[in-house]
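K.L.:
Let me begin by handing over the structure; questions about it come next.
The values are calculated or read from the model by the stated rules, or taken from the named source; none is laboratory data. Since we're looking at a predicted model, the values are computed, not measured. Every residue, glycine among them, receives a Cβ derived from its backbone with ideal geometry; neighbour counts consider all protein chains shown.
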Amino acid sequence: MANRYITTPIYYVNDVPHIGHAYTTIAADVLNRYYKQQGDNSFFLTGTDEHGAKIAEAANRAGKEPQAFVDDLVSQFKKAWESLDIKYDGFIRTTDKKHEEVVTEVIEKLKEAGYVEKRKYEGLYCVGCEKFISEDELEDGKCPHHDKKPVKHSEENHFFLLSKLEKELLKVIESDEFEIAPVARKNEIVGKIKQGLEDVSISRQAVEWGVKFPGDDTQTVYVWVDALINYYSATRIIEGITWPADLHLIGKDILWFHAVIWPAMLIVIGEKLPKKVFAHGFFTIGGRKMSKSLGNAIDPIALASKYGADVVRYAILREFPFGEDGDISEKKIAERYNNDLGNELGNLLQRTLSMVERYEIKIEKTKPNVIGDCQKKMMENLEFEKRLEAIWGVVKKGNQFIEENKPWELAKTDEKKLTDVLQEVYDSLVTVASHLEPFMPQTAEKMKKQLETLKPEPLFPRIENE
Ligand SMILES: [Zn+2]
């Protein structure tokens, strides 16, 4: 029995959850459910990042105190995860006093080790990213993530001496002692480190909504540093997890923090490194970049209430490889619903059980096939779309097998063969239900029930689109 500790980023609660947050969190939930199904002792942590200037501003605009503002948003995140049938084992909030204590402790250790220095800093700052941004990161003079011009900003900050850690970082990354996946991302990071690392500011002067910087009341801990520490502080706050994490699941936009700054901090404080960071791709919505200003952000809660949690989970993991960029839209989700789920899976279950009922077949209740090594590898590599494709291979074969053997004709001619054919399809449905469980827990449950009672009911009744 292996111990597994899987994390998502803690989400910044300056706004309601969107489909991008849902993507990472669904993936973590699928993995966690899969490992538990395999008998592992798996723990899935998610949470919320609640400090920083952007949150204080958003609270101010909403006419609320920051704490009341974040409390409200946290409940919206929790509601979103519930509507997508996401079962995390732990939820951490950076406004938790115990987390704040661990942040203080980590900063103190960085200082004691001689890796923190106070300096004057001047640079371009993106308010959206809450970070200083270098000239070569800009596109047309704007932050590529926020499509906004950065502002000139100068202040005195405490710096983490990241530049001293180049060698150590390269050693752990190149040897995969600290694995960065997919490998293209690892190469990208190795290339950047080899160009040289700059020291990074880890405090803010004018930001009050945060953890006080130890030994300097005029500064708060930079929100990114505060947030990264959650993965570690959680192991001290929540029962059932031990450091290090096995897997940090993240979006590729926050890879630098997770692949460079975070392990560097851990090296300095003498803690173990997480085993792996996996950066997934981004999606466009119907061919266009998702953005609030374009108004094309899709609401995961609305989608789940229209199609069901399982359908959203299935559609977004099936559409394109997890480590790459791709496109998603409600139209694509609706197509998956009607085709893969309704016409293929739902139809196979319904027609099989209907024939079992009609021809009064004596079905032997069987156990699912175990997951093969090749399929396990896909899960280990987070190749969700391949894994789902493989499961759908079995579904398609089942429908084909029925077409070829025509049980409705066998019913008149060969009762023995009729029983064999339907038993074979029944067995593969038992396996499909079990293998789908991590991805589509509610569907798997419904399938299991029907396979037990042998009473067919539609799994994915047609939705009429307005
Ligand atoms: Zn930005």
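K.L.:
(1) touching a strand residue (DSSP E or B) at 6+ places or on another chain (Cβ under 9 Å); (2) farther than 15 Å from Trp81 by Cβ: which one isn't true of Gly39, the others all being true?
P.N.:
Gly39 satisfies all of (1) touching a strand residue (DSSP E or B) at 6+ places or on another chain (Cβ under 9 Å); (2) farther than 15 Å from Trp81 by Cβ except (1).
K.L.:
OK, next. Could you give me the residue pairs with C-beta distances under 8 Å whose first residue belongs to the stretch 144-155 and is touching a residue at least 60 places away in the same chain (Cβ under 8 Å), whose second residue is assigned to a strand (DSSP E or B) and within 7 Å of the ligand (Cβ to nearest atom) wherever it lies, and which are 6+ apart or on separate chains?
P.N.:
Going by the 8 Å Cβ cut-off, the qualifying pairs are His145/Cys126.
K.L.:
Can you tell me which of Glu385, Glu380, Glu324 is in contact (Cβ under 8 Å) with a residue 24 or more places away in the chain, surrounded by fewer than 16 Cβ atoms within 10 Å (Cβ to Cβ) and at negative phi? Walk me through how you get there before you give the answer.
P.N.:
Working: Glu385 fails: surrounded by fewer than 16 Cβ atoms within 10 Å (Cβ to Cβ); Glu380 fails: in contact (Cβ under 8 Å) with a residue 24 or more places away in the chain.
The match here is Glu324.
K.L.:
Could you grab me the full set of residues in the stretch 143-155 that are over 28 Å from the mean Cα position of the chain (by Cα) and either within 16 Å of the ligand (Cβ to nearest atom) or among the polar types (S, T, N, Q) (or both)? Before you say what the answer is, go through the steps one by one.
P.N.:
Just the residues of the stretch 143-155 that are over 28 Å from the mean Cα position of the chain (by Cα), to begin with: 149-155.
Once the filter is applied, which keeps residues that are over 28 Å from the mean Cα position of the chain (by Cα) and either within 16 Å of the ligand (Cβ to nearest atom) or among the polar types (S, T, N, Q) (or both), the stretch 143-155 yields Lys149, Pro150, Val151, Lys152, His153, Ser154.
K.L.:
Checking the conditions here, which among Asp96, Asp140 is over 30 Å from Tyr307 (Cβ atoms) and either within 16 Å of the ligand (Cβ to nearest atom) or in contact with a Leu (Cβ under 6 Å, 6 or more places away or on another chain) (or both)? Working first, answer last.
P.N.:
On the way: Asp96 fails: either within 16 Å of the ligand (Cβ to nearest atom) or in contact with a Leu (Cβ under 6 Å, 6 or more places away or on another chain) (or both).
Answer to the selection: Asp140.
K.L.:
Name the one entry in Glu82, Glu135 that is out of contact with any Pro (no Cβ under 9 Å at 6 or more places or on another chain) and within 16 Å of the ligand (Cβ to nearest atom). Please lay out each step first, then the result.
P.N.:
Details: Glu82 fails: within 16 Å of the ligand (Cβ to nearest atom).
Among Glu82, Glu135, only Glu135 is out of contact with any Pro (no Cβ under 9 Å at 6 or more places or on another chain) and within 16 Å of the ligand (Cβ to nearest atom).
K.L.:
Looking only at the stretch 156-169, which residues are touching a residue at least 24 places away in the same chain (Cβ under 8 Å) and either within 16 Å of the ligand (Cβ to nearest atom) or more than 28 Å from Thr218 (Cβ to Cβ) (or both)? Give the steps one after another, and end with the answer.
P.N.:
If we filter the stretch 156-169 for residues that are touching a residue at least 24 places away in the same chain (Cβ under 8 Å), which is where we start, we get 156-166, 168-169.
Result: Glu166, Glu168, Leu169.
K.L.:
Let me ask something additional. Going residue by residue through the stretch 358-365, is there one that turns out to be part of a helix (DSSP H, G or I), without any contact (Cβ under 8 Å) to a residue 60 or more places away in the chain and within 19 Å of the chain's Cα centre (by Cα)?
P.N.:
Residues of the stretch 358-365 that are part of a helix (DSSP H, G or I), as a first pass: 358.
Keeping just the survivors that are without any contact (Cβ under 8 Å) to a residue 60 or more places away in the chain gives 358.
Checking the rest, the ones that are also within 19 Å of the chain's Cα centre (by Cα) come to none.
Scanning the stretch 358-365 turns up no residue that is part of a helix (DSSP H, G or I), without any contact (Cβ under 8 Å) to a residue 60 or more places away in the chain and within 19 Å of the chain's Cα centre (by Cα).
K.L.:
Here is a follow-up. So how many residues does the stretch 225-241 have that are in a loop (DSSP other than H, G, I, E, B) and in contact with a Phe, Trp or Tyr (Cβ under 7 Å, 6 or more places away or on another chain)?
P.N.:
Taking the stretch 225-241 first, the residues in a loop (DSSP other than H, G, I, E, B) are 229, 238-241.
Adding the requirement that they be in contact with a Phe, Trp or Tyr (Cβ under 7 Å, 6 or more places away or on another chain) leaves 240-241.
Final tally of qualifying residues: 2.
K.L.:
Looking at (1) in contact with a helix residue (DSSP H, G or I) (Cβ under 7 Å, 6 or more places away or on another chain); (2) within 16 Å of the ligand (Cβ to nearest atom); (3) at pLDDT below 95, can you tell me which one Ala56 breaks?
P.N.:
That leaves (2) as the condition not met.
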